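The values are calculated or read from the model by the stated rules, or taken from the named source; none is laboratory data. On a predicted model such as this, the values are computed, not experimentally measured, just so you know. Accessible surface is based on the protein model in full, side chains and every heavy atom, while ligands, DNA and RNA are left aside. Shrake-Rupley method; radii C 1.70, N 1.55, O 1.52, S 1.80 Å.
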Amino acid sequence: MSEALTRMYKIHFPEDGQYTIEPLRVTKLAGRDPLTGRVVHGKIGGGIKMKHLWVDIHRTAPKEGPPLVERVMSIQRDLTRNAFVALTISGDKVRYRYATTSMKPGDLITTYGDIPRIPVRPKEGDAHPLGALPIGTKVCCIENLPGNGARFAIHAGVTATITRKISGRVCFTLPNKQEFAVPQECMATVGQVSNPEYSSIPIGSAQANRLLGNRPSSGLWHRKTGIHGRKLRNPKKLKVTSVEPKPKTVVGLTLPGLPKIMVRPPIRSLVPV
């Protein structure tokens, strides 16, 4: 979770740490630090009541034997994130996963754990180690370290492209032209994160912006205090930098009988003329 989101709300996870699909309680922080309580972000405040759905970011499967097959039960909207989530079931395990653009209820998604010698034919929604996918594949929900969970391309409409493979590492490029190289054992989901129209939907009104948890950036004139805008400060005094003249130095020549010479170093001023 990004730093800006941690200033918006605090999620209350179960004390025993066991995964659950029950909606979790959310406490709004209104831009305050969760530890000290001081306001550290003045543009955050308000918003509608919401619950958090715990998304399992780990897609693991045995390296030997049959892969893990899950069925998509429903596609839901989580107010604490901009992407849709999919409720999947496999045996007695029920999990929330990040949904892709073409994922719909009733689909079967498979998680593979092996890296074959020949790259596989990718299918959207399936998860593979990056080393098992061919170059040019569109992927999302990528791990930064094996078993660490999805860290890259987890927001709405984001997808990465596999560019090359170098000595046990796979390079991929994000939409912002940033390139990363991670171990080939890192898991990734084939496809694009759901809800790609999120960035193009206009907010529409100031009230809708408040429902999103954003404080207004303008309004009636008031003297700026540094909390809701730029604080007015007096301009700093002009600083003039100059070099003080150095004392004269006496230089003695090596040949005997010659007089000593008084040398005066040049004076340079740093003040532009």
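Measuring nothing but protein heavy atoms, the accessible surface of the stretch 108-169 at 1.4 Å probe radius is 55 percent carbon and sulfur. Protein heavy-atom accessible surface, 1.4 Å probe, per residue over the stretch 69-202: 49 Å².
Cα-Cα over 18 Å: which of K10/K93; K10/K51; K28/K51; K63/K138; K93/K138?
K10/K93; K63/K138; K93/K138
When the convex hull of the Cα atoms of the stretch 123-192 is projected onto a plane and the area is averaged over all directions, what value comes out in nm²?
With the hull built on Cα positions only, its mean projection is 4.0 nm².
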